[in-house]
Amino acid sequence: MNSCSPTVNPKVRGTIMSYCERSDFAFHPFCKTIMRSTALAACTPLKSINPQTRFTITGTLLSPDLKPLLDAEKKYKITSGDTTVVVYSNGDFLIPNRPNGTYTVSIIGTGGCASSSTQTVTIANNHAANINFIITCNPYSISGTIWYPDNMLLKPLSGIQLQLSNGTIVTTDPSGKFAFTNLPPQPFTFTILTPPPPGFRFQAATIIADLSSGQNISNLGITAMPTTLFGKVSLPDNKPLPNVVVDAGTKTAATNALGGYSIAQLPSGSYTITPSLQNYVFVPPTQQVTIASFGVSGSGVNFTAYSAPIATAATTIAQTSFTANWLPVQGASYRLEISTNAGFSTLVFPSMTVLSASRLVQGLSAGTTYFYRVRAVLPGMVQTAYSNVIQVITPPTTPPTAL
C-alpha cells in the first residue's frame, strides 16, 4: 500500500523537487528539508515537513492565446517581498517557503509587455497558491546576420538599416548582426533600407518573417551578392556567336563558345550595353539597363547578330535585264544597288527596296557591264554592311543580217 499522503499533489511535489534541485536554490532551508531524504521527499506530506506550515506560490507565464510562454527562463524573474526567483524555460515559476498570508507577486523583465506586472495572492492553509501572468506582447524575436562575399569568404556588413512592418528600425552591428525583439506571434515583413556596397545587391528589398508558430526566428542569413549583368548573343538561326565584345561603359566582356557573357560587380546605375564584332551588326544595336541595389533590371540582355548578305551570280541575263540573287537573311528586307562601276560612285537606279532574296532588274543597255550589291535591313531599321559585289555583262545587240 502506498504510504504517500493522498493530500499531496504529485505534480506540485514534482515541481518543488525540480525547483530544489537547481544549484541556486539547493541550499535554501526549505529545499534542504525537502531534499534531506528521498523517501521523505517522495512519501511524506509536505505540511509535516515544516512545523511552521509553509507553502509555495506557483504560476506560469502565458502568451495571449493562454499557452505557456516558451524560452522564458532568460527573460524574466518573479519577485515577492525579499525573494526573487527565475522563470523556467517552459514558463513556470515557484516561490517556496511562504506561510499563510497575503503576498504581492511581481514580474520583472517584461518591458511593459505584461497584462499586469503585479498580482496579489493569499495563502490560507493550501499547499500552493497558483497565479498566472499573461505576456501581452509575446516578446518573440527576429534576428540574423547580413554578409557579403569577399575573396571566397563571407564578411559582415555593418551599418545596414532594416525596418520592420511595425515601423521599428534597427541597424546591423560591426558583426553584421541585427535583432527585432518584443514581437507578438504574427507574420512580419522587414525592408532593407541601406543599399549594399557598390557592385553588390540584395536579392530582395523586403523579406517575410512569420512568427505565427510562436517560435523565434534566429540565425537568419542575408547575403549581398555581386551584381551580375548577363546575356547571350546569337545568330538569326539561334546558333551562338563567340568573341563578341559586350561593352557596359566601365566594364567589358566577350561572349564564350556558347554565346554567353557576364559582367560582374557593376555599381548601381544606368548603363548602355553595346555589342560589337567586325562584319556584324546587332539587333537591337544597344540596350539600356538599370542596375539597382535590390536586383538587376534587364538581366538576361540578349542580342541577335547579323552579317552582310551573300550575293550570288545573276540569272536570266538578257540584253536589257537580269535577275540579281543573294542568300536570304531571316526577318530582313533588302536594299539593292546597281552601278556601271565597281565602286558604286554612281547608281543606274536609286537604291531599290526588295522584300525577297532576288530581283528582276530591267531597263538596262545591251552589251554593258553592270555591278550589283545588296544590304539587309533589319528590325528597327538596322542595316548590315553591303554584300560582295557581283558583275553582270548584258549581251550585245545582234546586228541585222545582210541581204
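Tabulated data
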quantity	calculated
Cβ pairs under 6 Å, 6+ apart, first in segment 346-360 and closer than 17 Å to Tyr386 by Cβ, second of a type in the set (Lys, Arg) and surrounded by 13 or more Cβ atoms within 10 Å (Cβ to Cβ)	Ser351/Arg335
Failed criterion for Leu193 (all others in (1) at pLDDT 90 or above; (2) surrounded by fewer than 17 Cβ atoms within 10 Å (Cβ to Cβ); (3) within 25 Å of Asp65 (Cα to Cα) hold)	(3)
All positions within segment 264-288 that are at pLDDT 90 or above, assigned to a strand (DSSP E or B) and not hydroxyl-bearing (Ser, Thr, Tyr)	Ile273, Pro275, Val281, Phe282, Val283, Gln287, Gln288
Residue ID - nearest to Gly199 (Cα to Cα), chosen from residues in segment 132-166 that are of a type in the set (A, V, I, L, M, F, W, C) and not in a strand (DSSP E or B)	Leu157
Residues located in segment 153-197, provided they are over 17 Å from the mean Cα position of the chain (by Cα) and in contact (Cβ under 8 Å) with a residue 40 or more places away in the chain	Thr181, Asn182, Leu183, Pro184, Pro185
Residues (in contact with a Phe, Trp or Tyr (Cβ under 6 Å, 6 or more places away or on another chain) and either of a type in the set (A, V, I, L, M) or in contact (Cβ under 8 Å) with a residue 24 or more places away in the chain (or both)) located in segment 252-283	Ala253, Ser262, Pro275, Val281, Phe282
Yes/no for Asp150 being under 27 Å from Leu266 (Cβ atoms) and free of Cβ contacts under 8 Å to residues at least 24 places away in the same chain	yes
Matching entry among Gly300, Gly249 (being touching a residue at least 24 places away in the same chain (Cβ under 8 Å), touching a Phe, Trp or Tyr at 6+ places or on another chain (Cβ under 7 Å) and either on the phi > 0 side of the Ramachandran plot or assigned to a loop (DSSP other than H, G, I, E, B) (or both))	Gly300
All strands (runs of 3 or more DSSP E) inside segment 310-369 with 3 or more residues being surrounded by 12 or more Cβ atoms within 10 Å (Cβ to Cβ)	311-315, 322-326, 333-339, 358-361
Filter result for Thr79 (at pLDDT 70 or above, over 18 Å from Thr136 (Cα atoms) and crowded, with 18+ Cβ neighbours inside 10 Å)	no
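The values are calculated or read from the model by the stated rules, or taken from the named source; none is laboratory data. Predicted model, so just to flag it, every value in this text is computed and none were measured. Don't worry about glycine lacking a Cβ; one is built from the backbone with ideal geometry, like all the others, and counts go over all protein chains shown.
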